[in-house]
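Enquirer: Sharing a structure here in C-alpha cells format.
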Amino acid sequence: MTNSFNKHLVRLVFVVLFSGCASDPATDYSSSYPETINNPQANLPIRPMTPPLRSTQSKGAYEPYSQSVDSYGTSGNYANSYPVKSFIRHMCDTHGFSESYLQGLFAQANRLDSVIRLEAPSPKTSTPSRPGSWSRYRGKFLTEQHISNGVEFWRDNSDAISKASAAYGVDPEYIVGIIGVETYFGKNIGKTCVFDALTTLSFDTQRRSKYFMSELENFLLMTREEGYNPRQPVGSWAGAMGLGQFMPSSFRKLAVDFDRNGRRDLWQPNDAIGSVAHYFSRSGWDYKSPVAQPASDSYGASVIELSTYEGMEYWRVHPNFKVIKRYNNSNKYAMAVHQLAQAIKNRYQYSQVSAN
C-alpha cells in the first residue's frame, strides 16, 4: 500500500514539474543575473539533421580542441541526479532532444572540484583596500609582450579586422584590444571542458546555479545548431569560449560566421574578430568617437577615479567606454582595453609607415 502511494506521488511530482515548460527557444532561468560575456573525446550522435563535427582545420588556425582538458575532479554521476533528470526532460519537451542521447551525455560529465572552488564567494575581510589597484591591474595588460603580440595579431589578421571594422562600424584597435585582454590574442583561451564546467556550476553550486543552468541550455542548443560534439569545446572555468570569451547565450545571439564557411567558430580568428565587432555594434559603439580622456579632477558625472601608486587618476569617459563595460562591467577592465588598444594602434601604424 505504501509503495503504491509513493509511486503515485512520484508521478504526480513529475506532472507538476513539467506541465509548465515554455515553448520559447530557451527558458530564462537567469532573470536575476546580467548577461556575461566575456568563456573532447566522445563521438556521440547529435541529431540526424546536424552536420558532423569537422576534423580539418584551416592553415594557421588555432586548434583549441587538441589541448588537454582541465577535468580535475570525479565523475558526478549526473545521469542519476534528479535535478539533471528534470533538466533533461525540459530539454526533450522544449527543444526536441533525444532523452537517451542526453542521458548518455550527462553520464560522461565530470564534476570539477576546481570549478566549484572558483565559483565559491571569497570570504569577507575587513582589510582596507590597498592603493594602486589600477596600477596593478594595468600592469597585467599594458606590457611589451601584449603590445607586440597585438601588432602581430593585427598584421596576421589585417584583412578580417579591416572588413569587420567596415561592416560593423567599430574602430579596429578595440576589436584587437578586447581579444588581447580576454585571451592574449588566442594564446590563453582556457582548457576546461565547457560541458563539464557548466554541468558542475548548474548542479553542484548554488550561488548562480540558475544562471549557469540557462547557459548550459544555450550551450546544448549551440552545439546542436553548429554541429559541435558537446564534450569537445574548451574554454574558461565559467564556460566562456573562444578568442573573445563568449558565454553560450551570447554566442547564440551575437556570434557570426564571418568567414562564411557554414559554421560560427569563435576559436578561429576570422569568426572571433567578426563576432567581437558585431557585439560592439549591437551594444551601441560610435565609430571614431572618443572613449576616455584624462581629467584634472573628479568633478562631473562622467568622471571616474582610478587608484595608482602615485595617487588618483581621473578620466572623463564617453559612451564608447560604457560599451566596453557591456563586455565586463569594470572601469579597470574597460580602461585596460582602451589603453591597450591605443598602444597597439600606435605601434601598428608606426610599423606600417616604417615598412613603406
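Enquirer: Which of the numbered conditions does residue 246 fail, given that it passes all the others? Conditions: (1) under 11 Å from the mean Cα position of the chain (by Cα); (2) open to solvent by 10 Å² or more (accessible area, probe 1.4 Å).
Expert: Only one criterion is unmet by residue 246, namely (2).
Enquirer: Go through region 102-136 and count every residue that is open to solvent by 20 Å² or more (accessible area, probe 1.4 Å) and outside any loop (DSSP other than H, G, I, E, B).
Expert: Of the residues in that region, 13 qualify.
Enquirer: Would region 295-309 turn up any residue that is loosely packed, with under 15 Cβ neighbours inside 10 Å, among the charged types (D, E, K, R) and at pLDDT below 95?
Expert: Looking through region 295-309, at least one residue is loosely packed, with under 15 Cβ neighbours inside 10 Å, among the charged types (D, E, K, R) and at pLDDT below 95.
Enquirer: Do we have any residue at all in region 313-321 that's out of contact with any Asp or Glu (no Cβ under 6 Å at 6 or more places or on another chain) and within 27 Å of residue 190 (Cβ to Cβ)?
Expert: Yes.
Enquirer: Among the residues of region 192-209, is any among the charged types (D, E, K, R) and within 25 Å of residue 258 (Cα to Cα)?
Expert: No, region 192-209 has no match at all.
Enquirer: For region 266-290, enumerate the residues that are in a loop (DSSP other than H, G, I, E, B) and among the aromatic types (Phe, Trp, Tyr).
Expert: 267, 285, 287
Enquirer: Search region 253-292 for residues being under 23 Å from residue 336 (Cα atoms) and of a type in the set (Val, Ile, Thr), and hand back the single one that is surrounded by the most Cβ atoms within 10 Å (Cβ to Cβ).
Expert: 276
Enquirer: Has region 171-183 got any residue that is closer than 24 Å to residue 307 by Cα, aromatic (Phe, Trp, Tyr) and modelled with pLDDT of 95 or more?
Expert: yes
Enquirer: At negative phi and under 13 Å from the mean Cα position of the chain (by Cα): which single residue out of 315, 237, 285 fits that description?
Expert: When all the criteria are applied, what remains is 237.
Enquirer: Here's another thing I want to ask about it. Would you be able to tell me the number of residues in region 161-185 that are open to solvent by less than 10 Å² (accessible area, probe 1.4 Å) and under 15 Å from the mean Cα position of the chain (by Cα)?
Expert: The total comes to 5.
Enquirer: Just give me the residues in region 324-339 being open to solvent by 10 Å² or more (accessible area, probe 1.4 Å), under 17 Å from residue 250 (Cβ atoms) and not in a loop (DSSP other than H, G, I, E, B), in sequence order.
Expert: 325, 326
Enquirer: Between a residue in region 218-229 that is among the hydrophobic types (A, V, I, L, M, F, W, C) and any residue that is open to solvent by less than 10 Å² (accessible area, probe 1.4 Å), which pairs come within a Cβ distance under 6 Å, given they are 6 or more apart or on different chains?
Expert: Cβ pairs passing all conditions: 219/198; 219/248; 222/248; 222/251.
Enquirer: Still on this structure: Of the numbered conditions (1) open to solvent by 30 Å² or more (accessible area, probe 1.4 Å); (2) under 17 Å from the mean Cα position of the chain (by Cα), residue 206 satisfies every one except a single condition; which is it?
Expert: In the conditions (1) open to solvent by 30 Å² or more (accessible area, probe 1.4 Å); (2) under 17 Å from the mean Cα position of the chain (by Cα), residue 206 misses (2) alone.
The values are calculated or read from the model by the stated rules, or taken from the named source; none is laboratory data. Since this is a predicted model, take the numbers as computed values, not measurements. Note: ideal-geometry Cβ built from the backbone for every residue, glycine included; neighbour counts use all protein chains shown. Ligands, DNA and RNA are excluded from the accessible area calculation, which covers all protein heavy atoms including side chains. Shrake-Rupley method; radii C 1.70, N 1.55, O 1.52, S 1.80 Å.
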